[in-house]
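Below you'll find the structure I mean.
The values are calculated or read from the model by the stated rules, or taken from the named source; none is laboratory data. Note that this is a predicted model, so its numbers are computed, not measured. As a convention, Cβ positions derive from the backbone with ideal geometry for all residues, glycine included, and neighbour counts pool all protein chains shown. Each accessible area value is taken on the protein alone, full model and side chains, heavy atoms only, with ligands, DNA and RNA left out. Shrake-Rupley method; radii C 1.70, N 1.55, O 1.52, S 1.80 Å.
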Amino acid sequence: MTTLLDVAAAQSVAPEVVMDIYRRILRIRRFEEQVGKLFAQGQLPGFVHLYIGAEAVGAGVCAALRDDDYIISTHRGHGHVIAKGGDMKRMMAELFGKVTGYCKGKGGSMHIADFEIGMLGACGIVGGGIPVAVGAGLSASYRGTDQVSVTFFGDGAANEGSFHESLNLASVLKLPVLFVCENNQYGEFTPAERAMNIKDIALRAQGYGIPGVIADGTDPLAMYVVAREAVARARRGEGPTLIEAKTHRKGGHAEGEDAFLAGQQYRLADEKEAAQRHDPLVKLHAYVVEQGLVTVEELETLDQATLQEVAEAVEFARTSPEPSAETLLEDLWV
Amino acid sequence: MPRKTYIAAIQAALAEEMRRDERVLLMGEDVRLGVFAGTRGLHAEFGDRRVIDPPISELGVAGAGVGAAATGLRPVVDLMFGTFLYLAFDQIANQAAAMRYMFGGQATLPVVFMTQNGGGIGAGPHHSQPVHPLFMYLPAIKVVMPSTPYDVKGLLKAAIRDDNPVVFFNHLSLGGQRGEVPDEEYVIPLGKADIKRAGSDVTIVAAGLMVHHALKAAEELAQAGIEAEVIDLRTLKPWDEETVLASVAKTGRFVAVDESYPVCGAAGEWAATVAEKAFHHLKAPVQRLSSRHVPVPFSPTLEKMMMPSAAEIVARVRELMAAG
Ligand SMILES: Cc1ncc(C[n+]2csc(CCOP(=O)(O)OP(=O)(O)O)c2C)c(N)n1
Ligand SMILES: [Mg+2]
């Protein structure tokens, strides 16, 4: 059996890091699958955007970070929170709008934050998190730490003014920022090829005088290797990097979209097929077994434990109380 | 008369105006498939040239709408959610609101910025905040906020035919509302309120979703023998002072209900005008009901508490009746 991974890159990654990345991806996948089910059952309010298919990006990049580094995420943000070490119980409770959630039910799916682990929040405004991440990079640099700030965003967000202003700002101030573009080839229902006349978003780095790197966003270890280098560069004070991760959404833009689109199709046939073939979890599973890092049985045990963790999170969320009337007016000012 | 949803009425208005006038074009993210379905079907009929599905670039797209309007087109710019108008704000406030005046009357700007405003569907802080007072604040911008399918169609057609910039606020949670919508041509003039329910004891003024809460409250009040007059402003700027003041002259009591915030909100504008111009008719102080002054929380439980409700309107009117 051959893996679809970049084996040369993979072999530069220590086995314990490989397994660490595997665990991050697995936790995201099982969490998201459960969220999809809960949404379909009508148990979750609001909008839900799943990270399934892009786990390699969040997991690979976050494995290259320290606990005190910062990340900022998007509307499709559950995966980033988990990749940075987030707690499934508090996440799930937030999705249910419960007071035990990360944001006491005030944020919901598109706004989970955990400042304790450097997760400065997901964002419902496309491109809205990018400038904030530059600010975190400025702060790290000003305070003289070697912390790094990472902003995840989509191909669609790369067409917002905030993206362009932020790249330039981080470049001229030489800030320790990683701009990680998850190019899943769509913004909602519009293919990227209709939203930009270039194939590679990484090209845009040139216009701002910073390195632009293309990575296989379905290959967790390749992502890790690219991020490791950009992080090292940022820590050395050499400034920002734009990383374009070529990836896929396995599902739709938002849960429940089939009913809403009423039969209208927008996915390009080849891409839909590629999204299934380039599943980061399947790839990494094959690799770790092939390399003898772990047995299939051990992976099965790990999977069971992860499923158990997800089940406990759902139970916690379900049995948690709703926010009270006092909660409504709290947290506005210091 | 055919019954249609609020969304279908948007579709009908856009299609009719695009057929009628070649200068009308539609621009907005995913208008092809129609995120709120209000633009669905238009691409099939009018094609790429007139139905433009641009990159996610609200500032650029809104500004392109202004420039196209200044040079002879009549663009409708769809900005999906009210909160996305924050990204487009500079072009609306510094260009659309200023160009005609600062260029001494040279520019004519027939552009419509259309969006889904307000909350009520658990969409969370970045997708639910009502933003309409910000546009009432701007000079030279008309602001429309319909509450029924019938009104949406007639008002959107009027907005597209208006020679001024108009911000058109559909309500996020009214999309599925059904009502009678004639297939034949009709236009509702901007600036005219509609008395949605006649009454003699108290005047309740609202727009958008809040009209429905006010009507519900009025039913409940009627059971207790209190007859509320519910005025749907429909256009928030210029607004129909005349209809409101005439009603207050009759009832002597006034409650403004709006989904925006209490500080610099829409309700404050209406209440101040009534206090100023109808003071001698008032039997009790003017009242305002607004949303709590916080970002719109995600939790449906909190979101409900945040916005004015029918129950709150009933309670406030009862207090007012007790006061005199
Ligand atoms: C400023 C702004 N404009 C539009 C939207 C609506 N919207 C939500 S997600 C999305 C697509 C974003 O595409 P991309 O950045 O590629 O991220 P992806 O969903 O593919 O992960 C859009 C247009 C928004 N939330 N914010
Ligand atoms: Mg995308």
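With every protein chain kept in place and ligands, DNA and RNA left out, what is the accessible area per residue of the range A:7-313? Probe 1.4 Å, answer in Å².
37
On to the next question. Beta carbons within 10 angstrom, averaged per residue: use that to sort the peptides B:169-181, B:109-121, A:307-319, highest first.
Ranking, from highest mean packing down: B:109-121, B:169-181, A:307-319.
Please compute the average number of Cβ atoms from other chains found within 10 Å of each residue's Cβ in peptide A:149-161.
So the per-residue partner count for this stretch is 2.
Tell me the label-point distance for the pair residue A:68, residue B:21, using the 7 Å Cα-to-Cβ offset, in nm and rounded to one decimal.
It works out to 6.2 nm between the two label points.
Ok, one more. Can you send over the carbon and sulfur percentage of the accessible area for the range B:3-180, probe radius 1.4 Å, protein chains only?
Solvent-exposed carbon and sulfur of the range B:3-180 make up 54 percent of the total.
Sequence-distant or interchain residues sharing an amide H contact under 5 Å with residue B:80, placed H: which?
Here the answer is B:116, since their amide H atoms fall under 5 Å of that of residue B:80.
Tell me, what is the percent relative contact order of the range B:194-323, built from C-alpha pairs under 8 Å that lie six or more residues apart?
Relative contact order of the range B:194-323: 26 percent.
Could I ask something else about it? At q = 0.10, 0.11 Å⁻¹, what log₁₀ I(q)/I(0) does the range B:3-180 have when each alpha carbon counts as one equal point scatterer in the Debye sum?
At q = 0.10, 0.11 Å⁻¹ the computed log10 ratios are -0.33, -0.40.
Also, I was wondering about something else. If you take every DSSP beta bridge whose two residues both sit in the range B:3-180, what share of them, in percent to the nearest 5, is antiparallel?
That works out to approximately 15 percent antiparallel.
Kindly identify residues of the range B:18-45 having a loss of at least 10 Å² in accessible area between the isolated chain and the assembly of all protein chains, probe radius 1.4 Å.
Buried-area filter returns B:30, B:32, B:33, B:35, B:40.
Run the paramagnetic zone check for residue B:106: 7 angstrom along Cα to Cβ, then residues of the range B:44-86 with backbone nitrogen under 13 Å.
Output list for this probe position: B:71.
What is the Cα centroid distance between the range B:94-131 and the range A:249-282, reported in whole angstrom?
Answer, in whole Å: 33.
Next up: If you restrict to DSSP beta bridges whose two residues both lie in the range B:194-323, what percentage is antiparallel, to the nearest 5?
20
Hey, what's the range B:191-290 come to in accessible area per residue, 1.4 Å probe, Å²?
38
Still on this structure: Run the accessible area of chain A with a 1.4 Å probe and give the carbon-and-sulfur part as a rounded percent.
About 55 percent, which is the carbon plus sulfur part of the accessible surface.
Also, I was wondering about something else. In Å², nearest 100, what accessible area do chains B and A bury in total when the solvent probe is 1.4 Å?
Chain pair B/A: roughly 3000 Å² of buried accessible area.
Quick one: which residues, 5 or more positions from residue A:213 or on another chain, have an amide H under 5 Å from its amide H? H modelled 1.01 Å from N in the peptide plane, none for Pro or chain starts.
The list, which skips near neighbours in sequence, is A:242, A:243, A:244.
Hey, another quick one. Report, by chain and number, residues whose modeled amide H sits under 5 Å from the one on residue B:167, excluding near sequence neighbours (fewer than 5 apart, same chain).
Amide H neighbours of residue B:167, under 5 Å, 5+ apart: B:113, B:142, B:143, B:144.
Distance between Cα centroids, the range A:141-168 to the range B:150-171: provide it in whole Å.
38
Show that you can apply the helix-only estimate: for the protein assembly as shown, add -39,500 (n - 2.57) for every DSSP H stretch of four or more residues, divide by all residues, and state [θ] at 222 nm to the nearest 500.
Value at 222 nm, helices only, nearest 500: -12500 deg cm²/dmol.
Going by a 1.4 Å probe on protein heavy atoms, which residues of the range A:292-334 end up with at least 30 Å² less accessible surface in the whole assembly than in their chain alone?
A:322, A:323, A:328, A:329, A:332
Rank A:278, A:176, B:274 by how far each Cα sits towards the positive end of the charge dipole of the protein assembly as shown (+1 on Lys, Arg Cβ; -1 on Asp, Glu Cβ) and give me just the farthest.
About the Cα centre, the residue reaching furthest to the positive side is B:274.
Another question about this same structure. Within 10 Å of each Cβ in A:44-51, how many Cβ atoms from other chains are there, averaged over the peptide?
Taking the mean over all residues of the peptide, I get 3.
Let me ask something else. Quick one: Cα centre-to-centre distance for the range A:42-120 and the range B:268-324, in angstrom?
Comparing the Cα centres of the range A:42-120 and the range B:268-324, I get a distance of 37 Å.
Give the peptides A:279-289, B:66-76 in descending order of average Cβ contacts within 10 Å, highest first.
Result, highest mean Cβ count within 10 Å first: A:279-289, B:66-76.
Over the range B:3-180, with the other protein chains present, what is the accessible area per residue in square angstrom, probe 1.4 angstrom?
32
Over its Cα atoms, what ratio of radius of gyration to 2.2 N^0.38 Å does the protein assembly as shown give?
1.02
In peptide B:298-311, how many Cβ atoms from other protein chains are near each Cβ within 10 Å, on average?
Per residue, the number of nearby Cβ atoms from other chains is 6 on average.
What is the Cα convex hull volume of chain B when expressed per residue in Å³?
Output value, Cα hull per residue: 127 Å³.
Take every DSSP beta bridge with both residues inside chain A and express the antiparallel ones as a percent of the total, to the nearest 5.
10
Just the number, please: carbon plus sulfur as a percent of the accessible area of the range B:241-320, 1.4 Å probe, no ligands or DNA/RNA counted.
58
Highest mean first, what order results for B:206-216, A:33-43, B:33-43 on Cβ atoms within 10 Å?
Order by mean packing, descending: B:206-216, B:33-43, A:33-43.
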